[in-house]
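The values are calculated or read from the model by the stated rules, or taken from the named source; none is laboratory data. These numbers were taken from a predicted model, which means no experiment stands behind them. Note that each Cβ is placed from the backbone with ideal geometry, even for glycine, and that neighbours are counted across all protein chains shown.
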Amino acid sequence: MTQNASVQRAQNQAEQASQEASPWIDRLGRFGYTAKGVVYAIVGVLAFQVAIGSGGRTTGSSGALQTIANQPFGQVLLGLVAIGLAGYVVWRFAEAIADPENKGTDAKGIATRIGYVVSGILYGFLAFTAVQIVMGNGGGGGGSSTESFTARLMSQPFGQWLVGIVGIITIAAGFEQLQRAYKASFRKKFKLQDMSPTEQTWATRLGRFGLAARGVVWTMIGVFFIVAAYQAQPQEAEGLAQVLQTLVQQPFGPWLLGIVALGLVAYGIFMVIQARYRRMIET
């Protein structure tokens, strides 16, 4: 009886701690969505400037962080972005562990929650990069990190297969983004009752456009990984910066890059909308 009482007391304490932590996780998650949106919007703006021939550059997330750092009060702004990205990491892990969206424990649910963990790890690296830049120990926005990652992976046993699997998973994620864009299934995550009809309309438009652009980019990245695996050439693997550069080199390249760039800006704005209206952990 005493043991049962102890177990029940521990469960009650854990539940109370979870309830007390939820508001902070909510705030960190919303701050994280805002920071993520800022990064994507900057990548899109810089790429759009390239497309219209008014400067800019094709860069990835790390390059966007460096761009922030180069602005007036850039170190302070980048510090805030770093905190936001760290908050996004916390939220991603909370999604995986607490399962606020009730993904469940079947195969699909577990795969989705593992995806949240992977996303959290990736944005953790990005947050660390932001901290390094603030401290003056990092920078750059090229795609060498993708090549380095691919080279390390390829050096492992069955490395080419591993790189190929990464490519397949990335393509699948790209298709999933395109599906979400087509079905506008993201609307289920919004507090629609708190949004005006105009806000709902623009949130849907921006979400569809942004997710479609992101889906195209992810699919291209996945294809590059598969090519790298097939040819056993890590340098064939491309990140976001190189994908954007590849687009501009195609026939009608500036148009293609301009459309994708605007889509990335739309995705960034969509993230900020999520920061305001997304359903988080209910308390």
> Scanning for something assigned to a helix (DSSP H, G or I), at pLDDT 90 or above and in contact with a Ser or Thr (Cβ under 6 Å, 6 or more places away or on another chain), does region 173-181 turn up at least one residue?
Replying inline: yes
>> Looking only at residues that are more than 30 Å from I169 (Cβ to Cβ) and polar (S, T, N, Q) in region 185-199, which one is surrounded by the fewest Cβ atoms within 10 Å (Cβ to Cβ)?
In response: Q193
> Of W202, W218, which residue is surrounded by fewer than 20 Cβ atoms within 10 Å (Cβ to Cβ) and within 24 Å of I42 (Cα to Cα)?
Replying inline: W202
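Output the number of residues of region 84-117 satisfying the condition of being assigned to a helix (DSSP H, G or I), touching a helix residue (DSSP H, G or I) at 6+ places or on another chain (Cβ under 7 Å) and not acidic (D, E).
Residues of region 84-117 that are assigned to a helix (DSSP H, G or I), as a first pass: 84-98, 107-117.
In the following step, the residues that additionally are touching a helix residue (DSSP H, G or I) at 6+ places or on another chain (Cβ under 7 Å) were identified as 84-96, 113, 116-117.
When the remaining residues are screened for being not acidic (D, E), the result is 84-94, 96, 113, 116-117.
Going through region 84-117 one residue at a time, the tally reaches 15.
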>> If I ask for residues that are in contact (Cβ under 8 Å) with a residue 24 or more places away in the chain and either crowded, with 20+ Cβ neighbours inside 10 Å or on the phi > 0 side of the Ramachandran plot (or both), which ones from region 248-257 would you list?
In response: L257
>> Criterion first (over 30 Å from P100 (Cα atoms), out of contact with any Leu (no Cβ under 9 Å at 6 or more places or on another chain) and either part of a helix (DSSP H, G or I) or small (G, A, S) (or both)) does A151 satisfy it?
In response: yes
> Counting just the residues of region 139-148 that are more than 22 Å from Y88 (Cβ to Cβ) and either within 16 Å of the chain's Cα centre (by Cα) or assigned to a helix (DSSP H, G or I) (or both), which one comes out modelled with the lowest pLDDT?
Replying inline: S144
> Pairs under 7 Å by beta carbon, first residue of a type in the set (G, A, S) in region 49-71, partner surrounded by 22 or more Cβ atoms within 10 Å (Cβ to Cβ) and not in a helix (DSSP H, G or I), six or more apart or different chains?
Replying inline: G60/G141; G60/G143; G60/G239; S62/G141; G63/G141; A64/G141
>> Every residue in region 103-127 that is under 15 Å from the mean Cα position of the chain (by Cα) and of a type in the set (A, V, I, L, M, F, W, C), please.
In response: I114, V117, V118, I121, L122, F125, L126, A127
>> Just to be sure I understand, how many residues within region 214-258 are part of a helix (DSSP H, G or I) and either at pLDDT 85 or above or within 28 Å of F270 (Cβ to Cβ) (or both)?
In response: 31
> Within region 118-138, restricting attention to residues that are assigned to a helix (DSSP H, G or I) and of a type outside the set (A, V, I, L, M, F, W, C), which residue is surrounded by the fewest Cβ atoms within 10 Å (Cβ to Cβ)?
Replying inline: Q132
